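Participant: Here's a structure for you.
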Amino acid sequence: MAAYKPKSISVFFLAYNDEHTIGELAQKTDNFLSSLKIDYEIIVGNDASKDGTLKVLTKLKKSVPNLKIINNKLNLGYGGNLVSGLKSAKNEFVFYTDGDGQYDPLELKLLLDKLDANIDVVNGYKKSRADGQVRTIGGKLYARWLRFIFGIKIRDVDCDFRLIRRAFIDKIDFRATSGAICPELVIKLQRAGAKFAEVPVSHYPRRYGRSQFLTPVRVIRTFAEEYLLLELFHYELFRKFKFILVGCSSLMIQLTFFNLFLLAYKLKPTPATLLSDGFAILTSFFLNNAITFRDRRIRIRSETLKLVKSFLKYNYVVLVATLIQTGTVYFGTKIMGDSYLAARFSLEF
């Protein structure tokens, strides 16, 4: 054992249709933890399994008194099930892994051996992935993608074999309910100041059932939640990007209507500028309300008066720019002539 010995530990297994493996895993874990002479609990989150998982756990509880069963009546998804287990754990350290038997819970000893007073998270990483070639390659690309977009520092964020100091779990407000929970957990642990260590662990072929992650709905849901996480963690960057996008869209709207009023309706350049600018302002306001400042957007139906006041205030702010632009067009056409090219040059200038 390591020089640093935790006072207590909670072990959490995520289970969904794992009747053939969860009993053996929980029993092995109980035998191992009892030999450590520390306080412990074993928690299994049964995520509305359709097989005999709950029956196996109920029977096992008679011989494993430290076993706690969380029986979800409705399927919460991987992320929801994991959060439920992490938040229900009461001991100093929390270890979690899957209940399908692809990881050996006895290798928890490797994580404990790496632990010291300054380490808050010990993350396992797969020595060799025991899945098909497509999933193995996809997993490597996915891990690199997550490291790139989120700045994740560990090598295997997708390895569900993790030991965490519970004090850091208490600091986290989880949002993801899908497989996106893994990057969210690691990112928020990093941001909370947790110190990481890494240990290679074994990964075994799946003996029963099949993966729940590779369905189209789950994949789409995971990437959708990861997009929301990216927006959350890089909020200011995203807002600047959206602001630029809205600005470019408004400019295109303005030029389109300017050309329309000038050529199709034969308006003079100055009124064409005023009208096209009005359409651009309207577009910019509503796009910014819906996209750039989505976190505090004003609802059109329920907050109509507030929306009108905000729009008038926005018009007041951009009034100077409108006057400058209209003045430029007016004097430009006076100097260079009342022609389409002169008017367009003045507008774009």
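The values are calculated or read from the model by the stated rules, or taken from the named source; none is laboratory data. Predicted model only: the values in this text are computed from it and were never measured. All Cβ positions, glycine included, derive from the backbone under ideal geometry; neighbour counts span all protein chains shown.
Yes/no per residue for (1) among the small types (Gly, Ala, Ser); (2) more than 19 Å from Tyr142 (Cα to Cα):
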site: Leu163; (1), (2): no, yes
site: Ala176; (1), (2): yes, no
site: Ile181; (1), (2): no, no
site: Arg191; (1), (2): no, yes
site: Ala197; (1), (2): yes, yes
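Participant: Which ones in segment 51-75 are in contact with a Leu (Cβ under 9 Å, 6 or more places away or on another chain) and either touching a residue at least 12 places away in the same chain (Cβ under 8 Å) or surrounded by 18 or more Cβ atoms within 10 Å (Cβ to Cβ) (or both)?
Facilitator: Matches in segment 51-75: Leu57, Leu60, Asn66, Leu67, Ile69, Asn71.
Participant: Condition first: modelled with pLDDT under 75 and either more than 21 Å from Leu251 (Cβ to Cβ) or outside the structural domain of Leu260 (by TED's automatic domain parsing) (or both). Now tell me which residues in segment 277-315 satisfy that.
Facilitator: Arg294, Asp295, Arg296, Arg297, Ile300, Arg301, Ser302
Participant: Tyr78 fails exactly one of the following numbered conditions: (1) more than 20 Å from Gly101 (Cβ to Cβ); (2) surrounded by 18 or more Cβ atoms within 10 Å (Cβ to Cβ); (3) modelled with pLDDT under 95. What is the number of that condition?
Facilitator: (1)
Participant: Please go through segment 316-338 and pick out each residue that is under 23 Å from Met252 (Cβ atoms) and either modelled with pLDDT under 70 or exposed (fewer than 11 other Cβ atoms within 10 Å of the Cβ) (or both).
Facilitator: If the condition is that a residue be under 23 Å from Met252 (Cβ atoms) and either modelled with pLDDT under 70 or exposed (fewer than 11 other Cβ atoms within 10 Å of the Cβ) (or both), then Val317, Val320, Ile324 are the ones that fit.
Participant: Next up: So, in segment 181-202, of the ones that are aliphatic (A, V, I, L, M) and not in a strand (DSSP E or B), which residue ends up surrounded by the fewest Cβ atoms within 10 Å (Cβ to Cβ)?
Facilitator: Ranking the qualifying residues of segment 181-202, first place goes to Ala192.
Participant: Residues that are at pLDDT 85 or above and either over 13 Å from the mean Cα position of the chain (by Cα) or part of a strand (DSSP E or B) (or both): does segment 206-224 have at least one?
Facilitator: Looking for residues that are at pLDDT 85 or above and either over 13 Å from the mean Cα position of the chain (by Cα) or part of a strand (DSSP E or B) (or both), one finds none in segment 206-224, hence no.
Participant: Where the second residue is buried (at least 16 other Cβ atoms within 10 Å of the Cβ) and of a type in the set (Ser, Thr, Tyr) and the first is more than 14 Å from Asn288 (Cβ to Cβ) and lies in segment 248-261, which pairs have Cβ atoms under 7 Å and are six or more apart or on separate chains?
Facilitator: Sorted first by the residue in segment 248-261, then by its partner, the pairs are Gln254/Ser276; Phe257/Ser276; Phe258/Thr273; Phe258/Ser276; Phe261/Ser276.
Participant: Further, regarding this structure: I need a count of the residues in segment 105-134 that are in contact with a helix residue (DSSP H, G or I) (Cβ under 8 Å, 6 or more places away or on another chain) and charged (D, E, K, R).
Facilitator: Of the residues in segment 105-134, 4 are in contact with a helix residue (DSSP H, G or I) (Cβ under 8 Å, 6 or more places away or on another chain) and charged (D, E, K, R).
Participant: Taking segment 259-282, which residues are in a helix (DSSP H, G or I) and farther than 16 Å from Ala321 by Cα?
Facilitator: The answer is Asn259, Leu260, Phe261, Leu262, Leu263, Ala264, Pro269.
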